[in-house]
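Take a look at the structure below.
The values are calculated or read from the model by the stated rules, or taken from the named source; none is laboratory data. Bear in mind that the values here come from a model prediction, so they are computed numbers and not experimental data. Heads up, the Cβs are rebuilt from the backbone with ideal geometry, glycines too, and the neighbour counts pull from every protein chain shown. The protein model used for the area step is the full one, side chains on, heavy atoms only, and it has no ligands, DNA or RNA in it. Shrake-Rupley method; radii C 1.70, N 1.55, O 1.52, S 1.80 Å.
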Amino acid sequence: MENGGAGILQIRQVLLFFVLLGMSQAVSETGSFLVMEELQSGSFVGNLAKTLGLEVSELSSRGAQVVSNDNKEYLQLDTNTGDLLLSEMLDREELCGSNEPCVLYFQVLMKNPTQFLQIELQVRDINDHSPVFLEKEMLLEIPENSPLGTVFLLESAKDLDVGINAVKSYTINPNSHFHIKIRVNPDNRKYPELVLDKALDYEECRELSFILTALDGGSPPRSGTALVRVMVVDINDNFPEFEQAFYEVKIPENSTLGSLVVTVLAWDLDSGTNSELSYTFSHASEDIRKTFEINQKSGDITLTAPLDFETIESYSIIIQATDRGGLFGKSTVRIQVMDVNDNAPEITVSSITSPIPESTPETVVMVFRIRDRDSGDNGKIVCSVPEDLPFVLKSSVIENYYTLETERPLDRESTAEYNITITVTDLGTPRLKTEYNITVLVSDINDNAPTFTQTSYTLFVRENNSPALHIGSVSATDRDSGTNAKVTYSLLPPQNPHLPLASLVSINTDNGHLFALRSLDYEALQGFEFRVGAADHGSPALSSEALVRVLVLDANDNSPFVLYPLQNGSVPCTELVPRAAEPGYLVTKVVAVDGDSGQNSWLSYQLLKATEPGLFGVWAHNGEVRTARLLSEREATKHRLVVLVKDNGEPRRSATATLHLLLVDGFSQPYLPLPQVAPAQAQADSLTVYLVVSLASVSSLFLLSVLLFVAVRLCRRSRAASVGRCSVPEGPFPGHLVDVSGTGTLSQSYQYEVCVTGGSGINEFKFLKPIIPNFLSHSTRREVEENPPFQNNLVF
């Protein structure tokens with residue numbers, strides 16, 4: 001188990017060692033290009049496709065890009081032609097200094113699949129710099145007794161060019177005392193020496209001057225000059241000598257400024273001023289003069305600038321000790337810089353892919369390179385990412401390059417972004433580390449269907465609503481994002497093919513708001529249900545559905561309708577009342593119905609007007625008209641009653657019924673003669689007509705009731721499964737019953753089943769159940785069916 005755990009840890013944490021003597025991984029291809037310095041930006045370098053044996057189209061399709069080691073874009077790649085072009089003017093002296101050859105290394109990164117190719121660019125030097133003397137005037141003090149052939153050091157000229165373009169020769173003005181001899185120092189740089197050809201005579205000539213000219217090997221050659229002044233001094237015949245001809249010193253690169261590096265010591269056998277020595281650097285480069293300083297009197301060499309092992313590993317310095325007479329001795333000091341772990345690892349990012357699609361494993365998120373400028377153990381590196389993240393590091397075929405890839409499919413709905421810390425640690429003492437933070441966004445794919453907040457919705461709408469009324473809303477959410485989460489709502493085809501859903505409701509496709517397209521009538525439609533769908537905008541689109549129930553609430557929008565007596569403007573129906581009727585005698589019954597339901601259909605009756613108040617009364621709950629007291633001979637024969645029928649809704653609606661009553665002594669008398677003055681016969685004839693019309697109306701009503709009763713019974717037998725319904729004759733309805741709201745339904749249409757009951761002592765006229773059209777609710781039908789029969793005494 002321990003070995004297995006160690007193996008897993010090694011997989012998750014990639015260890016890369018940079019070893020100086022060389023462990024390198026092979027690259028797929030290597031190409032070399034040559035370019036002269038100082039060429040203009042955009043100059044042609046070479047064709048990368050031909051050099052590496054690739055197709056030009058492959059460079060473009062695989063997203064080839066050129067990356068340099070120091071993160072500078074010296075080259076640009078034209079993926080359409082495969083040509084490498086200069087991004088900027090190259091200065092060889094700035095890039096490589098005195099190093100020759102000057103070679104820049106680049107990597108070509110290609111994707112699909114990921115491939116790394118290495119190319120080299122050699123920058124050739126041109127003769128663009130002239131030799132320059134740091135000191136425009138050199139002063140030499142030469143004793144007059146200097147032997148012939150004595151050599152005197154002169155300052156060398158500095159030329160930033162290299163190779164044949166560097167300093168090649170030195171010359172002086174023709175003279176009889178000196179000639180120039182060229183030497184090569186340990187750095188392979190040529191420097192001039194002044195050789196004495198003719199003895200000097202202080203008394204004859206105390207000072208000589210001539211021009212020193214430095215020539216480089218360019219074509220055409222460039223030159224630089226300096227003035228050499230020779231001061232002839234009197235007799236000083238001992239040269240300074242160093243105690244060591246060669247000094248070797250090691251110093252750590254993190255040494256503090258001003259610290260002592262080494263002390264050189266020389267002596268002169270002369271005495272007096274001729275033995276006083278002065279220490280200086282000879283033929284020192286600009287780097288040496290910036291980094292070190294020598295005390296001219298003590299010979300102490302101190303540090304004046306920071307050391308960097310990664311830039312310069314060692315320095316070779318020629319120290320010259322000169323006495324007052326101009327004689328000098330020289331020694332070489334070699335300073336070896338020792339590496340310390342002062343450089344943290346570096347991370348160079350080549351490409352980052354973000355966002356990355358979810359549910360896609362082994363996706364390359366990042367390509368990067370790591371390095372440590374230190375050496376030895378200080379340059380060995382450990383690279384890792386947190387183990388709790390679904391990402392893994394993989395090394396590439398090119399040394400120091402890594403790819404960060406997904407280890408398993410990602411789920412954006414669980415984690416939409418990842419903050420990844422790549423940690424690179426070296427093995428030096430103390431250990432240094434570098435962390436690189438990257439935020440990787442996970443892009444969405446359409447893998448979640450919209451979800452309604454409820455599986456079913458119940459909406460309540462009061463009837464007689466205004467068209468386009470907002471009656472409610474449905475809502476669905478989608479866990480995806482962007483267009484995949486944008487939900488569109490729609491009405492699904494109803495399961496009941498006879499339901500005109502398109503004319504009843506509509507839905508806002510953007511927010512799910514539901515609207516009633518027309519005014520709803522509770523008496524025609526108590527409720528309906530339909531399905532709504534929610535679909536996202538993904539590809540492919542995902543959807544879900546929910547059930548919506550719409551219940552219509554009743555409003556008191558129907559006034560009571562009087563069934564009996566008929567109020568159709570025809571010949572009024574006259575009720576006959578015997579004068580011998582006892583108090584409480586049932587004269588007739590006002591029958592009315594209300595198309596509403598619940599308390600809106602509860603009816604109450606009230607006597608509104610009467611020819612003789614107090615003679616008749618109306619029962620408030622059933623509409624029965626009864627005598628209130630005994631009738632006398634003095635009572636008028638004809639009476640007119642107006643009965644007010646009111647419902648219990650809000651606001652209350654009402655209707656009136658007009659009753660015509662005729663007092664008679666018995667049903668055998670068609671009428672009673674009225675004690676009136678002439679012309680009595682004309683009035684009697686009129687009363688006879690009224691009686692005949694009344695009897696004919698009652699007879700017609702009776703016959704019609706019988707026919708309706710028979711028709712209803714036949715209808716019930718033929719439709720055993722239907723309870724409380726009867727077929728309705730086809731034909732146009734009366735105009736006052738037709739709805740004019742434009743909805744196409746009947747707001748007030750009723751059918752009634754009437755029959756006559758027998759076997760009682762008095763004739764009972766029974767107004768049975770109203771046959772309500774199908775749009776009434778079941779509860780309303782049951783309520784109407786359960787009403788007790790209305791009785792009306794008709795005495796013939």
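Descriptive notes on the structure:
- Residue selected from the range 323-342 under the condition open to solvent by 30 Å² or more (accessible area, probe 1.4 Å) and not hydrophobic (A, V, I, L, M, F, W, C), by the criterion nearest to S375 (Cα to Cα): D339
- Some residue of the range 135-143 being within 30 Å of A199 (Cβ to Cβ) and part of a loop (DSSP other than H, G, I, E, B): yes
- When S331, S350 are checked against the criterion of being small (G, A, S), assigned to a strand (DSSP E or B) and under 30 Å from I438 (Cα atoms), a single residue qualifies: S350.
- The residue that is modelled with the lowest pLDDT, among those in the range 264-315 that are of a type in the set (A, V, I, L, M, F, W, C) and open to solvent by 50 Å² or more (accessible area, probe 1.4 Å), is L269.
- Taking the criterion of being modelled with pLDDT under 90 and of a type in the set (V, I, T), the residues of the range 213-263 that qualify are V232, V233, I235.
Matching residues to (1) within 60 Å of the chain's Cα centre (by Cα); (2) in the same structural domain as R373 (by the TED database); (3) in contact (Cβ under 8 Å) with a residue 60 or more places away in the chain; (4) closer than 30 Å to N341 by Cβ:
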site: R222; (1), (2), (3), (4): no, no, yes, no
site: V228; (1), (2), (3), (4): no, no, yes, no
site: Y247; (1), (2), (3), (4): no, no, yes, yes
site: E253; (1), (2), (3), (4): yes, no, yes, yes
site: G258; (1), (2), (3), (4): yes, no, no, yes
site: A266; (1), (2), (3), (4): no, no, yes, no
site: N274; (1), (2), (3), (4): no, no, no, no
site: Y279; (1), (2), (3), (4): no, no, no, no
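- Residue in the range 592-603 that is at pLDDT 90 or above, in contact with a Lys or Arg (Cβ under 8 Å, 6 or more places away or on another chain) and closer than 30 Å to Q526 by Cα present: yes
- Of S209, S255, all but one fail to be polar (S, T, N, Q) and assigned to a strand (DSSP E or B); the exception is S209.
Conditions (1) of a type in the set (A, V, I, L, M, F, W, C); (2) touching a Cys at 6+ places or on another chain (Cβ under 9 Å), marked per residue:
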position: I420; (1), (2): yes, no
position: T425; (1), (2): no, yes
position: P430; (1), (2): no, no
position: E435; (1), (2): no, no
position: V442; (1), (2): yes, no
position: S473; (1), (2): no, no
position: D478; (1), (2): no, no
position: P493; (1), (2): no, no
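- Screening A344 on (1) part of a loop (DSSP other than H, G, I, E, B); (2) under 32 Å from the mean Cα position of the chain (by Cα); (3) within 30 Å of T256 (Cβ to Cβ) shows it passes everything except condition (2).
Okay, residues lined up against (1) of a type in the set (D, E, K, R); (2) open to solvent by 70 Å² or more (accessible area, probe 1.4 Å); (3) without any contact (Cβ under 8 Å) to a residue 12 or more places away in the chain:
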| site | (1), (2), (3) |
| --- | --- |
| R183 | yes, yes, yes |
| P186 | no, yes, no |
| P192 | no, no, no |
| S219 | no, yes, no |
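- One residue alone among I294, I356, I319 is outside the structural domain of M110 (by the TED database) and under 30 Å from A64 (Cβ atoms), and that residue is I356.
- Out of N508, N464, N558, sole residue that is out of contact with any Cys (no Cβ under 9 Å at 6 or more places or on another chain), within 30 Å of L659 (Cβ to Cβ) and polar (S, T, N, Q): N558
- Looking across L196, L215, one residue alone is more than 27 Å from S331 (Cα to Cα) and open to solvent by less than 80 Å² (accessible area, probe 1.4 Å). It is L215.
- Scan of the range 350-406 for residues that are open to solvent by less than 30 Å² (accessible area, probe 1.4 Å) and among the small types (G, A, S), ordered by number: S350, S351, S375, G379, S384, S396
- Qualifying residue in the range 74-89 (condition: at pLDDT 85 or above, open to solvent by 50 Å² or more (accessible area, probe 1.4 Å) and out of contact with any Ser or Thr (no Cβ under 8 Å at 6 or more places or on another chain)): no
- The number of residues in the range 388-399 being modelled with pLDDT of 85 or more and assigned to a loop (DSSP other than H, G, I, E, B) comes to 3.
- The single condition from (1) assigned to a loop (DSSP other than H, G, I, E, B); (2) under 30 Å from A305 (Cβ atoms); (3) not aliphatic (A, V, I, L, M) that N378 fails is (1).
- The combined condition, being open to solvent by 40 Å² or more (accessible area, probe 1.4 Å), touching a residue at least 40 places away in the same chain (Cβ under 8 Å), touching a strand residue (DSSP E or B) at 6+ places or on another chain (Cβ under 7 Å) and on the phi > 0 side of the Ramachandran plot, is fulfilled by N71.
- With respect to being in a strand (DSSP E or B), touching a Phe, Trp or Tyr at 6+ places or on another chain (Cβ under 6 Å) and open to solvent by less than 60 Å² (accessible area, probe 1.4 Å), I318 falls outside the description.
- Pairs linking a residue in the range 528-546 that is within 14 Å of N448 (Cβ to Cβ) and in contact (Cβ under 8 Å) with a residue 60 or more places away in the chain to a residue that is in a loop (DSSP other than H, G, I, E, B) and β-branched (V, I, T), with Cβ atoms under 9 Å and 6 or more positions apart or on different chains, are A534/V474; G538/I445.
- Per-region count, the range 632-647, residues surrounded by fewer than 18 Cβ atoms within 10 Å (Cβ to Cβ) and either more than 17 Å from P560 (Cα to Cα) or of a type in the set (G, A, S) (or both): 8
- Matching strands (runs of 3 or more DSSP E) fully within the range 512-607 where at least 3 residues are buried (at least 16 other Cβ atoms within 10 Å of the Cβ) and in contact with a Ser or Thr (Cβ under 9 Å, 6 or more places away or on another chain): 513-516, 527-536, 543-553, 574-578
- Scanning the range 352-391 for residues that are over 12 Å from Y402 (Cβ atoms) and in contact with a Gly (Cβ under 9 Å, 6 or more places away or on another chain) gives D372, R373, D374, G376, D377, N378, G379, K380.
- Counting the residues of the range 477-496 that are farther than 14 Å from G533 by Cβ and at pLDDT 85 or above gives 7.
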